[in-house]
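Below is one structure; the comments refer to it alone.
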Amino acid sequence: MQGTLKKKLGVEFPPYYILGACNPQMAYKALLVEDRIGTMLPCNVILRQKDGGIEISAVDPVASMQAIDNPLLAGIARDVRDMLRKAVEQVGNSAPPVERLAHAESR
């Protein structure tokens, strides 16, 4: 991200990466119950330099799915949130200082 900001806007920005996290099985389940869910896929995860460490943040899929009026998405969103949380924890256990999964409601 910082390279794009430098090239297009001429501004300096600390290291910042946006990753698209997609589990095809979960995406397929979500598409089966809500065909417009593709506008919210994949789940974005950011890595950014902060306070001498690395912060990992992801929007809480449960909070995001509340914007769509389809109760069938709730269970799928909970499963995806659990998967994201586990992934962030695994990185946190094997890397320098890392902050845990950030929820949309806490931002």
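The values are calculated or read from the model by the stated rules, or taken from the named source; none is laboratory data. Quick caveat: nothing in here was measured; it's all calculated off a predicted structure. Every residue, glycine as well, gets a Cβ built from its backbone with ideal geometry; the counts of neighbours run over all protein chains shown.
What the table shows:
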| quantity | calculated |
| --- | --- |
| Some residue of the stretch 77-85 being modelled with pLDDT of 90 or more, farther than 24 Å from Gln2 by Cβ and either in contact with a Gly (Cβ under 6 Å, 6 or more places away or on another chain) or not in a helix (DSSP H, G or I) (or both) | no |
| Single residue of the stretch 19-35 satisfying the filter (farther than 15 Å from Asp79 by Cβ and not charged (D, E, K, R)) that is surrounded by the fewest Cβ atoms within 10 Å (Cβ to Cβ) | Gly20 |
| Test: residue in the stretch 36-52 that is among the charged types (D, E, K, R), under 22 Å from Asn70 (Cα atoms), surrounded by fewer than 15 Cβ atoms within 10 Å (Cβ to Cβ) and modelled with pLDDT under 90 | yes |
| Arg48, sole failed condition from (1) touching a strand residue (DSSP E or B) at 6+ places or on another chain (Cβ under 6 Å); (2) in contact (Cβ under 8 Å) with a residue 40 or more places away in the chain; (3) among the charged types (D, E, K, R) | (2) |
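Residues are listed down the side, and each one gets a yes or a no for (1) part of a strand (DSSP E or B); (2) under 15 Å from the mean Cα position of the chain (by Cα); (3) hydrophobic (A, V, I, L, M, F, W, C):
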{"position": "Thr4", "(1), (2), (3)": "no, no, no"}
{"position": "Lys8", "(1), (2), (3)": "no, no, no"}
{"position": "Leu19", "(1), (2), (3)": "yes, yes, yes"}
{"position": "Ala30", "(1), (2), (3)": "no, no, yes"}
{"position": "Asp35", "(1), (2), (3)": "no, no, no"}
{"position": "Thr39", "(1), (2), (3)": "no, yes, no"}
{"position": "Arg48", "(1), (2), (3)": "yes, yes, no"}
{"position": "Ile56", "(1), (2), (3)": "yes, yes, yes"}
{"position": "Val62", "(1), (2), (3)": "no, yes, yes"}
